[in-house]
Amino acid sequence: MVHVLSSRVLLRPTDAERSREFYGGKLGLAVYREFGTGPERGVVYFLGGGFLEVSGRSATPPGPGLELWFQVADAAAAHAEFLRHGVEVLEPPEKKPWGLIEMWIADPDGVRIAVVEVPEGHPMRYRPGI
């Protein structure tokens, strides 16, 4: 069995600087590490229990099957911050039938990002036997 010690999503944007401005500037993700120099330098951002590495370059945007999922403490506050920073909000925060408060945003290459608040009392917060 593979013992995974750490993991990250590797994102190869069409415009690395634009994506670094989005994830680091507009979303305000904290930097875990940076490497390389110049316009192609790489940045790894903290994503709660994981990481997002924005590095390299791709001639085409990531496929439509790639979506990111960010859990936040307060979706309404995140929504206000996104609007203040000019982030494209595809769907504003809304409580879904499954009980999560979800909103959707998109990065500069159109990668869809679910921003989710897990309200108190939601089954995702409750783990029987723990």
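The values are calculated or read from the model by the stated rules, or taken from the named source; none is laboratory data. Keep in mind that what you see is a predicted model, and the values were worked out from it rather than measured. The protein model used for the area step is the full one, side chains on, heavy atoms only, and it has no ligands, DNA or RNA in it. Shrake-Rupley method; radii C 1.70, N 1.55, O 1.52, S 1.80 Å.
Structure summary
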item: Largest-first ordering by accessible area, 1.4 Å probe, given options 74, 109; result: 74, 109
item: Extension reserve of the residue 106-residue 60 stretch, reckoned as 0.36 nm per residue once the Cα distance is removed; result: 15.0 nm
item: Helix axis angle, 75-84 relative to the chain longest principal axis, alpha carbon, degrees; result: 30 degrees
item: Carbon/sulfur fraction of accessible area - the chain, other protein chains in place, 1.4 Å, %; result: 56 percent
item: Region 37-42 - phi-based ³J(HN,Hα) in whole Hz, Karplus 6.51/-1.76/1.60, Gly and Pro as x; result: 9, x, x, 9, 4, x
item: Length added when fully stretched, residue 90-residue 124, from 0.36 nm per residue minus Cα-Cα; result: 9.8 nm
item: Cα gyration tensor shape of the chain, rounded if a/c is under 1.5, else prolate or oblate by comparing a/b with b/c; result: oblate
item: Gaussian network model of the chain, Cα within-10 Å springs - most flexible of 18, 57, 84; result: 84
